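Worksheet: one structure, shown below.
The values are calculated or read from the model by the stated rules, or taken from the named source; none is laboratory data. This structure is a prediction, so every number in the text was calculated from the model and none was measured. Methodologically, a virtual Cβ is constructed for each residue, glycine included, from the backbone with ideal geometry; neighbour enumeration extends over all protein chains shown. These accessible areas exclude ligands, DNA and RNA; they are computed on the full protein's heavy atoms, side chains included. Shrake-Rupley method; radii C 1.70, N 1.55, O 1.52, S 1.80 Å.
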Amino acid sequence: MASKVPVVKLLNGYTIPQIGLGTWKSKPGEVTQAVKDAIDIGYRHIDCAHIYGNEREVGEAIAAKINEGVVKREDLFITSKLWNTYHRPDLVRGALLTTLKDLGLKYLDLYLIHWPQAYKEGGDNFPTDENGKILVSDVDYVDTWRAMEPLVGEGLVRSIGLSNFNKRQVLRVLEIATVKPVTNQVECHPYFNQARLKAFCAQHGITITAYSPLGSPDRPWAKPEDPQLLLDPQLVAIAQRLGKTVAQVVLRYQIERGNIVLPKSVNKDRIASNFNIFDFKLSQEDVSLLDSFDRPNGRLVPMTASYGHEHHPFENDEY
Ligand code: A2P
């Protein structure tokens, strides 16, 4: 069944639906129903990752909707991500095969390196020493990228890309790539709009995929005093003026910018209302107004666990 979602053309000619369902923090017991609801509502793009610990349950929902005849595999765009403990080149293919098995798929539409920084292989997903400090691996992400490329030729993935890479790191990948990254999936919302990274990536034909577009209110490290994007009085005023919810406004903001956007929800009504953003537009003035909400310290997902890692993307880099 075709969907009315607009698509963005990737540099390799494939297209990606501009809105996808996020599944980070969706509990295994909730995510199957959420993905089924999303597909019924019209979502055709599901964003997954091995580290989310729920790919089997996402796969159950995909299989159910294909078996019911609601969609065919080729109607769906499924993304997953290589976790930090599998960066060593000889581990990359096996990690993908695990994800494919969990999701019950023969191929992925998109496989991303989840983070540039590698962790010690072979143990926990967040391996730590006796002081709780992350145990690192010295694998360079450019070597991981070289191991991602053959997966395309094998037909196991259609496109490959990056996530949480800063400008310098994207450039290093581009310098050695024989298969170019199609997207950089990064945190992106009005408090942290990634304008500079977006402009840089655009120069190279690389799209921006916006994660935590709602300001990730369920991020585990949120403090009560942190600013709450969805309650921002200025955003509430804009939403009231347009007769929309704040969530719809900030999601539409990404659509206007040409980004791909990944709202997470496990609630059917919110999954539906987050998708209901194609019957209105934001004016250029409103987009500029939202642009002005960007804050120097607006990042909500800093990945403090691996501060000190030589390839940490955010610790020392401008953008
Ligand atoms: P829930 O899953 O219960 O709907 P982000 O996509 O930025 O990571 O944000 C996800 C968080 O936002 C989750 O806590 C999710 O809760 C909540 N959420 C999703 N959609 C909406 C919405 N339309 N209004 C308010 N909160 C939402």
- When you scan the range 33-50, how many residues do you find that are more than 18 Å from ASP109 (Cα to Cα) and of a type in the set (Val, Ile, Thr)? 1
- Note on the structure: Picking from TYR253, TYR211, the residue that is within 30 Å of LEU151 (Cβ to Cβ) and among the aromatic types (Phe, Trp, Tyr) would be TYR211
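Within the range 173-198, which residues are among the basic types (Lys, Arg) and assigned to a helix (DSSP H, G or I)? First the steps, then the outcome.
So the first thing to find is which residues in the range 173-198 are among the basic types (Lys, Arg), and the list is 180, 196, 198.
Once the filter is applied, which keeps residues that are among the basic types (Lys, Arg) and assigned to a helix (DSSP H, G or I), the range 173-198 yields ARG196, LYS198.
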- Got at least one residue in the range 37-54 being more than 15 Å from the ligand (Cβ to nearest atom), touching a helix residue (DSSP H, G or I) at 6+ places or on another chain (Cβ under 9 Å) and of a type in the set (D, E, K, R)? yes
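Listed here are the residues, each with its yes/no results for (1) surrounded by 24 or more Cβ atoms within 10 Å (Cβ to Cβ); (2) not in a helix (DSSP H, G or I).
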residue: GLY29; (1), (2): no, no
residue: THR32; (1), (2): no, no
residue: TYR43; (1), (2): yes, yes
residue: GLY59; (1), (2): no, no
residue: GLY69; (1), (2): no, yes
residue: GLU74; (1), (2): no, no
residue: SER80; (1), (2): yes, yes
- Task: With the condition kept exactly as written, say whether any residue in the range 276-290 is within 10 Å of the ligand (Cβ to nearest atom) and either aromatic (Phe, Trp, Tyr) or assigned to a helix (DSSP H, G or I) (or both).
- Result: no
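A quick yes/no check of all residues on (1) within 16 Å of the ligand (Cβ to nearest atom); (2) in contact with a Lys or Arg (Cβ under 8 Å, 6 or more places away or on another chain); (3) open to solvent by less than 10 Å² (accessible area, probe 1.4 Å); (4) not β-branched (Val, Ile, Thr):
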position: LYS133; (1), (2), (3), (4): no, no, no, yes
position: ASP140; (1), (2), (3), (4): no, no, no, yes
position: LEU162; (1), (2), (3), (4): no, no, yes, yes
position: GLN169; (1), (2), (3), (4): no, no, yes, yes
position: GLN194; (1), (2), (3), (4): yes, no, no, yes
- Note on the structure: Considering the range 240-253, residues that are within 11 Å of the ligand (Cβ to nearest atom) and either in a loop (DSSP other than H, G, I, E, B) or touching a residue at least 60 places away in the same chain (Cβ under 8 Å) (or both), and then whichever is most open to solvent (accessible area, probe 1.4 Å), we arrive at THR245
- Among the residues of the range 204-231, the number that are under 13 Å from the mean Cα position of the chain (by Cα) and in a helix (DSSP H, G or I) is 0
